Amino acid sequence: MLTLHTTGGLEMMKAAKAALKGIRNPPKLLGVTILTSLDEANFAQIGLAGPVESRVVALAKLAQSAGLDGIVASAKEASIVRAAVGKDMTIVVPGIRPAMPGGEAKGDDQARVATPAGAIRAGADYLVVGRPITESLDPRKAAEAILREMKSARKFAS
């Protein structure tokens, strides 16, 4: 998978897609919508008009128009993006944090986070999990716990 920012615009995304023509087994080209570290206040602070949710959907549709294979978006927008772009677009969800007591995900520097189960139920095809594994005292155990949560969510969603 290869990512590029959808805010680069339609022509840039089309050019990236065209650059992959003729490559045997090209990577999936994914458009990053709005970073999961941004909430509504941060979004306005950098001069972008919100709400974030509507911008994510608009950027996902733009990526689809450019012929990209999918998008990167938070779990908070995954279900509305899926409704807007259909089942053929891949949705990759970063900002994954294991459930804390009470079922919520801890945000740290990420503003729009979700648990692995929450992201799966929202329609994510792939999850991006970094620090919950790399910063764990037992990375293998952390990864296995996340995989168990993902599997339980898939069973629930079936």
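Data for the structure
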item: Cβ pairs under 6 Å, 6+ apart, first in the stretch 141-156 and part of a helix (DSSP H, G or I) and surrounded by 13 or more Cβ atoms within 10 Å (Cβ to Cβ), second at pLDDT 85 or above and hydrophobic (A, V, I, L, M, F, W, C); result: 142/133; 143/133; 146/129; 149/117; 150/120; 153/117; 153/120
item: Members of the stretch 69-112 found to be farther than 20 Å from residue 2 by Cα, at pLDDT 90 or above and of a type in the set (Asp, Glu), listed by number; result: 77
item: Every residue from the stretch 3-60 that is touching a Pro at 6+ places or on another chain (Cβ under 6 Å) and within 14 Å of residue 93 (Cα to Cα); result: 36
item: So residue 33, is it modelled with pLDDT of 80 or more, of a type in the set (Ser, Thr, Tyr) and under 30 Å from residue 141 (Cβ atoms); result: no
item: Residue 49 more than 30 Å from residue 141 (Cβ to Cβ) and modelled with pLDDT of 95 or more; result: no
item: Checklist (1) surrounded by fewer than 20 Cβ atoms within 10 Å (Cβ to Cβ); (2) of a type in the set (A, V, I, L, M, F, W, C); (3) at pLDDT below 85 applied to residue 133, failing item; result: (3)
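Residues are listed down the side, and each one gets a yes or a no for (1) within 23 Å of residue 65 (Cβ to Cβ); (2) exposed (fewer than 12 other Cβ atoms within 10 Å of the Cβ); (3) without any contact (Cβ under 8 Å) to a residue 24 or more places away in the chain:
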position: 7; (1), (2), (3): yes, no, no
position: 13; (1), (2), (3): yes, no, no
position: 27; (1), (2), (3): yes, yes, no
position: 40; (1), (2), (3): no, no, yes
position: 44; (1), (2), (3): no, no, yes
position: 47; (1), (2), (3): no, yes, yes
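The values are calculated or read from the model by the stated rules, or taken from the named source; none is laboratory data. Note that the structure is predicted; figures quoted are calculated from it, not measured. Here the Cβ is made from the backbone with ideal geometry for all residues, glycine too, and neighbour counts use every protein chain on show.
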